[in-house]
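Input: a single structure, listed below in C-alpha cells.
The values are calculated or read from the model by the stated rules, or taken from the named source; none is laboratory data. Since this is a predicted model, take the numbers as computed values, not measurements. Glycine gets a Cβ as well: all are built from the backbone with ideal geometry, and neighbour counts include every protein chain shown. With ligands, DNA and RNA removed, areas are computed over all heavy atoms of the protein, side chains included. Shrake-Rupley method; radii C 1.70, N 1.55, O 1.52, S 1.80 Å.
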Amino acid sequence: MSGIHEECGVVGAFSLQHENVTEYLYYGLLSLQHRGQEACGIAVTDTKESEIDARCTKDLGLVTEVFSNETLSELKGDLGIGHVRYSTTGACVRENTQPLVLNYCKGKLSLAHNGNIVNTGELRDELIRTGAIFHTTMDSELIAFHIAKNRVHSKSVEEAVFKTAKKLKGAYGLVIMSPRKLVAVRDPFGIRPLCLGKRGEMYIVASESCALTAMGAKFIRDIEPGEILTISASGLRSDFSLRQEKKAHCVFEYIYFSRLDSCIDGIKVYDARLKAGELLFKRHPVDADVVVGVPESGIAAAKGFAKASGIPFDLAFHKNSYIGRTFIKPSQSERALGVLMKLSVLSDAVRGKRVVLVDDSIVRGTTMANLVKMLKEAGALEVHVRISSPPFMHPCYYGVDVPSNKELIATENTAYEINKIIGGDSLEYLDTSDLKEMVCGLPICTACFTGDYPAGEK
Ligand code: SF4
C-alpha cells in the first residue's frame, strides 16, 4: 500500500528514581518510526537540578540519522518527551519539527503532538484578541501557546492543559513536559492512540504499545479518551473532566497504521487484521488455488482470508527492506518503478494458479495495477483482488495525510471500474458494516470511508 501516511508518534518518560531516560526515548522513537519518517526529536530535563532547563535535539531525518551516541550523551535527564513526524504538503522544514520548546512563566514548556486540530482559526483568533501577536497556523504551536497563556492564571500545569484542551476540536495525543511533570492527554473521542507503561520506577507514555515493549516496559493501560494524566515525583493523577459518551477510535490504526505487534484499546492489531481477512472471505468468496498478501500490511488479512476459506496461504512477494526513502515527490511512472524496486514475485507460488491477492487498501490504483501485472507475468492464471478496508473516499482531518480527493481512485470509479483499471479478474472490498466486527464492537471513526466526521471538519 502507498499514499496514506500517519503523521506522528509521541513518547514520554519520567523516572522517579532519576534514571537517565534519553536512551529509552530513543528506542521508543525507533519503534514508532513507522508513524513518521521525515523528522524527529527528543527534549529532556533533569528534575534534580536547582535551575531546571529543557535541552532539545531535533531535525529532519530518521531517528538513526538525527541521533548519534554523541548527541544522546548530551541529552541527559530523568524526564523527557520525543516525537517522530511525517510532514504534509510543503511543511518538511526544520521549524516544524517537534518537540516544541517554549519559555513560559514557570521556565520551559515542551510539547509533542500526534493528531490534528480542526479549529485552529478560533485558537489563533483568541490568542490575537488577548494581545499575543501570533501568526502561526500550526496546531501544535497554538496548543503550546494556549497552555503557556493559561498557566499564568492556573494553579498547576495540568489545570492549564485542561483549560486548553476544553477548547480543542479534533484529534490529539499529547505529551507535555513542564519543569517537573509529564502530562499526557488524549482527545475525548480517543481518535489517536496513547498508552501508559512502566519500567521499574519509570513511567512511560507512548502512541503505541510496541514502544513500551522496545523500552523494556510493561503495558499498564490505554490512556482513556478525555483523560489528562499527570506524572510527577508524587506519582500519577488522572483528571477525566473532558470525558464524554461518544468515542471514535481511528479504525485505520488497525487496518494499516499501527505496528502488527501493538495492542490498542484492548484490540490486538494482528487479530483485527486476521479478522478483516475472514470477514472479507465470508462476504466475497472466490474459487482459487492460493491466497497471497502484499507485504507488510496485507499479510495478516491474507492469512485470515486463507483460514476462513481453506485455500492455502503462500508468500508471493519478496520485499527489499533496504530501499531508502525518497524526498522527491514521485510521479506516476516513478511510483510504478518504485513498486518493482521494492517487491519481486516468487514465481513458484503463483505460476499456473488462480490467485487471491489481499491488500489493506487501494489509494491511487497504481501500485495495485503493477502488482496484478507482476503476478500475471509470473504465470498466475487469474488474480482476484480483495481489499481489507472499504473504498477510501474522503480526506482525513484528524492527523492522517491522504492524497487529494481527485487522486483517490474510489471517488471517481466504482469497484467494477477500478478492477478494469488495475487489470484484476475480480475486485471486492471489506464492507463498512464489517468494520465494527473487525474490532470486536469498539466505537470507531470511519470518516475516510463514510464522510461522517465525529469531531468536526476543517
Ligand atoms: Fe482514521 Fe479515517 Fe477517521 Fe482519519 S478519517 S481518523 S484515517 S478512520
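Considering only alpha-carbon pairs that sit under 8 angstrom and 6 or more positions apart, the relative contact order computed for region 95-236 is 21 percent. Other residues with beta-carbon under 12 Å from the beta-carbon of VAL183 carry, at +1 per Lys or Arg and -1 per Asp or Glu, a net charge of +1. For the set PHE67, PHE189, solvent exposure ranked by accessible area (probe 1.4 Å, protein chains only) runs largest to smallest as PHE189, PHE67.
What are the equivalent ellipsoid semi-axes of region 104-249, built from the alpha-carbon gyration tensor (square roots of five times its eigenvalues), in whole angstrom, biggest first?
26, 18, 13
Net charge near ARG283, counting Lys/Arg +1 and Asp/Glu -1 over other residues with Cβ under 13 Å of its Cβ? Net of charged neighbours comes to -2. With axes computed from alpha carbons, what is the tilt in degrees of helix 299-309 against the longest principal axis of the chain, rounded to the nearest 10 within 0 to 90? For 299-309 against the chain, the angle is about 50 degrees. When HIS135, HIS34, HIS18, HIS83 are compared by accessible area at a 1.4 angstrom probe, the order from most to least is HIS135, HIS18, HIS34, HIS83. Taking a cut-off of 20 Å between Cα atoms, list the lysines near LYS106, but don't count ones fewer than 8 places away on the same chain. Output for LYS106: LYS48, LYS149, LYS155, LYS163, LYS181. Here the accessible area is traced with a 1.4 Å probe on the protein chains. For region 104-153, carbon and sulfur cover 52 percent of it.
Ranking GLU296, GLU201 by solvent-accessible area of protein heavy atoms (1.4 Å probe, all protein chains present), from largest to smallest, gives GLU296, GLU201.
The residues of region 1-158 expose, per residue, 40 Å² of accessible area to a 1.4 Å probe.
Neighbours of GLN17 by Cβ distance under 9 Å: Lys/Arg scored +1, Asp/Glu scored -1, total -3. Enumerate by residue number the GluC sites (Glu not before Pro) in region 364-457 meeting two conditions: DSSP loop (anything except H, G, I, E, B), and at most 16 other Cβ atoms within 10 Å of the site's Cβ. Filter output for region 364-457: GLU457. Roughly how many percent of the accessible protein surface of region 179-323 is carbon and sulfur, given a 1.4 Å probe and a whole-percent answer? Within region 179-323, the accessible surface is 50 percent carbon and sulfur. Legend: distances between Cα atoms for LYS198/LYS436; LYS353/LYS436; LYS108/LYS247; LYS307/LYS376; LYS108/LYS166; pairs beyond 29 Å are LYS198/LYS436; LYS353/LYS436; LYS108/LYS247. Average accessible surface for region 374-458: 43 Å² per residue, computed with a 1.4 Å probe over protein heavy atoms with every protein chain in place. So, with a 1.4 angstrom probe, what is the percent of accessible area on region 360-435 that is carbon and sulfur? Carbon and sulfur together cover 50 percent of it. Share of pairwise Cα-Cα distances greater than 31 Å in the chain is 42 percent (whole percent). The distance between label points at GLU201 and LYS76 comes to 1.8 nm (points 7 Å beyond Cα on the Cα→Cβ vector).
With the whole protein complex present, PHE219 retains an accessible surface near 90 Å², based on a 1.4 Å probe.
Helical runs assigned H by DSSP (4 residues or longer) give the chain a calculated mean residue ellipticity at 222 nm of -7500 deg cm²/dmol, each run adding -39500 (n - 2.57) before division by the residue total. Using a cutoff of 8 angstrom between alpha carbon atoms and counting only pairs six or more residues apart, the relative contact order for region 267-317 works out to 44 percent. Near ILE223, the amide H atoms lying under 5 Å from its own belong to LEU194, CYS195, LEU196; only residues 5 or more places off or on other chains count, and H is placed 1.01 Å from N. Across the chain, Cα pairs under 8 Å and at least six residues apart give a relative contact order of 14 percent. Label point of SER347 set 7 angstrom out along Cα-Cβ; within region 372-387, amide nitrogens under 11 Å from it belong to 377-380.
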